[in-house]
């Protein structure tokens, strides 16, 4: 592995990524003392950057935690099997390989020309969740970043009719795994520059990422255009995702519009309304540890 670049620009970039990652970890209590963190290493720029930054942060973290790199071998033709274990060995990180032929399943089930991302993602998630639970990992770290979260928000808004994104931290449906996204505050542009400067041995995906005309690509193009024409808009969108006012929307399951004003009492403030939900989430997460 090449030596780490020492230019002023790289140091500034590295500090920003580590600062944003550290802040996300702290804000959402992603990693605690004694946690065993399973970093999903796919071979892409995001997962390489995630592992690299977590290795650096662990050196000065106020808590002790373990790191392990895990790759899901999807039996993708031509995938270089030696790259990821060799990289993990160089960094002194335990490496585990999970084998599941999701590639053939996706190719067989999804009609030609249709998007494979949904099925592929579900199959990957199931395999990784099982491995984490069976091997005692307390956190599953994924490489999704700020732009992924914003893109998912608009995908759900435009195509699903839902106000929904990717949470920085979540409990799996079966309650067995806590999934974290430590790069939630990091911009994809920074990650791309960092990965290039670090010269990670990137492995292209020829299953989902290479598909033309994906809805996500259209959303990405829209956001890129906004970024160029309206500086600060992307940052404001991400800020809004974490600054929700339920009483100013129209979801009757999130706010009691029907009972509002019946007893002439003052409606609860945003923080008062969210407090029970926050307490419930905290109880569930603590019970899973």
Criterion violated by residue 213 - all others in (1) surrounded by 14 or more Cβ atoms within 10 Å (Cβ to Cβ); (2) at pLDDT below 95; (3) more than 30 Å from residue 66 (Cα to Cα) satisfied:
(1)
Whether any residue in the range 41-54 is outside any loop (DSSP other than H, G, I, E, B) and free of Cβ contacts under 8 Å to residues at least 24 places away in the same chain is what I want to check.
no
Restricting to the range 176-199, count the residues that are touching a helix residue (DSSP H, G or I) at 6+ places or on another chain (Cβ under 6 Å), within 30 Å of residue 135 (Cβ to Cβ) and part of a loop (DSSP other than H, G, I, E, B).
7
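Report yes if residue 33 is modelled with pLDDT of 95 or more and touching a helix residue (DSSP H, G or I) at 6+ places or on another chain (Cβ under 9 Å), otherwise no. So that I can check it myself, show each step before the final result.
Numbers: modelled with pLDDT of 95 or more: yes; touching a helix residue (DSSP H, G or I) at 6+ places or on another chain (Cβ under 9 Å): no.
So residue 33 fails the test.
Out of the range 72-86, which residues are touching a helix residue (DSSP H, G or I) at 6+ places or on another chain (Cβ under 8 Å) and in contact (Cβ under 8 Å) with a residue 40 or more places away in the chain? Working first, answer last.
Our first condition is that a residue be touching a helix residue (DSSP H, G or I) at 6+ places or on another chain (Cβ under 8 Å); within the range 72-86, this holds for 72, 74-77.
Answer for the range 72-86, where residues must be touching a helix residue (DSSP H, G or I) at 6+ places or on another chain (Cβ under 8 Å) and in contact (Cβ under 8 Å) with a residue 40 or more places away in the chain: 72, 74, 76, 77.
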Please find, among 128, 142, 183, the residue that is in contact (Cβ under 8 Å) with a residue 24 or more places away in the chain, under 17 Å from the mean Cα position of the chain (by Cα) and over 25 Å from residue 19 (Cα atoms).
128
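State yes or no: is residue 63 touching a residue at least 24 places away in the same chain (Cβ under 8 Å) and within 22 Å of residue 147 (Cβ to Cβ)?
When the stated conditions are applied, residue 63 does not pass them.
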Examine the range 108-124 for a residue that is surrounded by fewer than 18 Cβ atoms within 10 Å (Cβ to Cβ), at pLDDT 95 or above and not in a helix (DSSP H, G or I), and state whether such a residue exists.
no
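Would you confirm whether any residue within the range 16-31 is over 16 Å from residue 185 (Cα atoms), assigned by TED's automatic domain parsing to the domain that holds residue 199 and either out of contact with any strand residue (DSSP E or B) (no Cβ under 7 Å at 6 or more places or on another chain) or buried (at least 20 other Cβ atoms within 10 Å of the Cβ) (or both)?
Initially, the range 16-31 is screened for residues over 16 Å from residue 185 (Cα atoms), giving none.
No, there is no match, as no residue in the range 16-31 is over 16 Å from residue 185 (Cα atoms), assigned by TED's automatic domain parsing to the domain that holds residue 199 and either out of contact with any strand residue (DSSP E or B) (no Cβ under 7 Å at 6 or more places or on another chain) or buried (at least 20 other Cβ atoms within 10 Å of the Cβ) (or both).
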Would a scan of the range 257-275 turn up a residue that is under 25 Å from residue 169 (Cα atoms), modelled with pLDDT of 95 or more and not in a helix (DSSP H, G or I)?
no
Quick one: in the range 214-253, of everything that is assigned to a helix (DSSP H, G or I) and over 24 Å from the mean Cα position of the chain (by Cα), which residue is nearest to residue 166 (Cα to Cα)?
246
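The values are calculated or read from the model by the stated rules, or taken from the named source; none is laboratory data. Keep in mind the model is a prediction, meaning the values are calculated, not measured. Heads up, the Cβs are rebuilt from the backbone with ideal geometry, glycines too, and the neighbour counts pull from every protein chain shown.
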